[in-house]
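The values are calculated or read from the model by the stated rules, or taken from the named source; none is laboratory data. Treat the numbers as computed from the prediction; the structure is a model and nothing was measured. With ideal geometry, Cβ positions are generated from the backbone for all residues, glycine too; neighbour counts draw on all protein chains shown. Note: accessible area is taken over every heavy atom of the protein model, side chains too, but ligands, DNA and RNA are not part of it. Shrake-Rupley method; radii C 1.70, N 1.55, O 1.52, S 1.80 Å.
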Amino acid sequence: MARMAASVVESGEDAFRKMFKFYKKRNPPPDYSAVINFSRGAPSDKIVPADLDSAAVSDVEAARVGLRPVRDWRAFSLQGYPGFIFICNPFLSGSQSYWVRQCLKIYPQKPNICNLDMHMSPSDTEDIWGKSVHALSSPTGKKEPKTLLERLRWVTLGYHYNWDTKTYSANSYTPFPADLHLLSLQVTAACGFPGFNSEAGILNYYRPDSSLGIHVDESELDHTRPLLSFSFGQSAIFLLGGTCRQDPPTAMYMHSGDMMLMSGQSRLLYHAIPRILPAPQGHTTLEMEGCSLTSSLQEDAVVEPVSEEDWALCSRYIHNSRVNVTVRQVLGPGQSFPETPSPLQRTDTGQTDGPHDGAADRDHGKRKRSSSDSVDPVET
Ligand code: OGA
Ligand code: MN
């Protein structure tokens, strides 16, 4: 059965693209039997339990950001992908709801930047949540214009990623959310990377038919720091490839609460999301009960209970959507952004033809996510 997916790929050209199309296709739907499901994860010759540094994060520090004790996390690495770590939903029961609420209500707020800012005035995008609450929570059954929340496709945090130039810059920076930094700091420390600086974040909002094109995240200036990814809501198929497009990728499910860390030799690998899938039964509903947090919270907790009112909108949203958060350290210790090169210098460097032109290919050379109403991340 696994042969099904493998047989799609022949040696030679762009094995990644073929696999992307294989999993994106709807009619007939693909065979999912080769997709790794870590949450069912009996270790195999490919799936190896990963050793985490449980001493790096105390149980109290973990609980403050809504995480179980590190020794209880189920973490895996993948044969052939050194530096890649997959952590099966390490959140305490009920605490994902806090992070979902932050992603939908708080992080899209100013001064953060979102896709809607590309063609709307700041005053129109000021209160995405408030402007969406009514329509999303009381559907009339009629075909209504989409709410701002439903039109949200990406948000950038910290050093704001420039989709056109594919760069970060010193003069486009706003403070990175303290709570998300603390979560990232604990997870990276547990994975063996103490002292992580969360400097840039990209949130992607996926509808059931969204996908994210094949790319490499290489715009950060220090590739020795890991890239961290959190997923909430509906599930996805994640494809992890090699350093070139001919390398056939490995497919895996990402469910709500799952995390990934790309570091070392896996930091600059091609990857993509060809497909969003319904969460397994019970995954999002039971796990995320909005108000079940209260009893267990410590006094200095970062996560806080989500009001029933807020959770009503969040749960309606994630019922058919997925949110992914990637957190990046852009600069190494003591590093700063280079002076912007003049056009002449740019030509001289010849960097655009480098081996990792993946980020440029993020949108498959078709629709740019930066364009004004780029609502669906990518069409292939
Ligand atoms: C990204 C990314 C993957 C995902 O934003 O760079 O690769 O799981 N996201 O959505
Ligand atoms: Mn990426």
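The set of residues from segment 209-249 being in contact with a Lys or Arg (Cβ under 9 Å, 6 or more places away or on another chain), over 19 Å from Met19 (Cα atoms) and more than 14 Å from ligand 2 (Cβ to nearest atom) comprises Thr224, Arg225, Phe232, Gly233, Gln234. In segment 207-221, which residues are out of contact with any helix residue (DSSP H, G or I) (no Cβ under 8 Å at 6 or more places or on another chain), within 19 Å of Trp163 (Cα to Cα) and in a loop (DSSP other than H, G, I, E, B)? Result: Ser210, Glu220, Leu221. Here Thr125 fulfils each of the conditions (1) touching a residue at least 24 places away in the same chain (Cβ under 8 Å); (2) β-branched (Val, Ile, Thr); (3) in contact with a Cys (Cβ under 8 Å, 6 or more places away or on another chain) apart from (1).
So that you can scan it fast, the table gives a plain yes or no per residue for (1) at pLDDT 95 or above; (2) outside any loop (DSSP other than H, G, I, E, B); (3) surrounded by fewer than 19 Cβ atoms within 10 Å (Cβ to Cβ):
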{"site": "Ser292", "(1), (2), (3)": "no, no, yes"}
{"site": "Ser295", "(1), (2), (3)": "no, yes, yes"}
{"site": "Glu299", "(1), (2), (3)": "no, no, yes"}
{"site": "Asn324", "(1), (2), (3)": "yes, yes, no"}
{"site": "Gln345", "(1), (2), (3)": "no, yes, yes"}
{"site": "Thr352", "(1), (2), (3)": "no, yes, yes"}
{"site": "Pro355", "(1), (2), (3)": "no, no, yes"}
{"site": "Lys368", "(1), (2), (3)": "no, no, yes"}
{"site": "Ser371", "(1), (2), (3)": "no, no, yes"}
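Looking at segment 163-176, is at least one residue closer than 28 Å to Cys314 by Cα, open to solvent by less than 10 Å² (accessible area, probe 1.4 Å) and either within 14 Å of ligand 1 (Cβ to nearest atom) or under 14 Å from the mean Cα position of the chain (by Cα) (or both)? No, every residue in segment 163-176 fails to be closer than 28 Å to Cys314 by Cα, open to solvent by less than 10 Å² (accessible area, probe 1.4 Å) and either within 14 Å of ligand 1 (Cβ to nearest atom) or under 14 Å from the mean Cα position of the chain (by Cα) (or both). The set of residues from segment 99-122 being part of a helix (DSSP H, G or I) and open to solvent by 10 Å² or more (accessible area, probe 1.4 Å) comprises Arg101, Gln102, Lys105, Ile106, Asp117, Met118. Cβ-Cβ distances below 7 Å connect the following pairs, each with a first residue in segment 14-39 that is at negative phi and among the polar types (S, T, N, Q), a second residue that is surrounded by fewer than 19 Cβ atoms within 10 Å (Cβ to Cβ) and not in a loop (DSSP other than H, G, I, E, B), and a separation of six or more residues or different chains: Ser33/Ala2; Ser33/Met4; Ser39/Cys88. Condition check for Ala5 on (1) modelled with pLDDT under 95; (2) outside any helix (DSSP H, G or I): one failure, at (2). The residues listed here are Ile113, Ile47; of these, the one that is farther than 18 Å from Leu185 by Cβ, among the β-branched types (Val, Ile, Thr) and touching a helix residue (DSSP H, G or I) at 6+ places or on another chain (Cβ under 8 Å) is Ile47. The combined condition, being open to solvent by 10 Å² or more (accessible area, probe 1.4 Å) and within 13 Å of ligand 2 (Cβ to nearest atom), is not fulfilled by Glu199.
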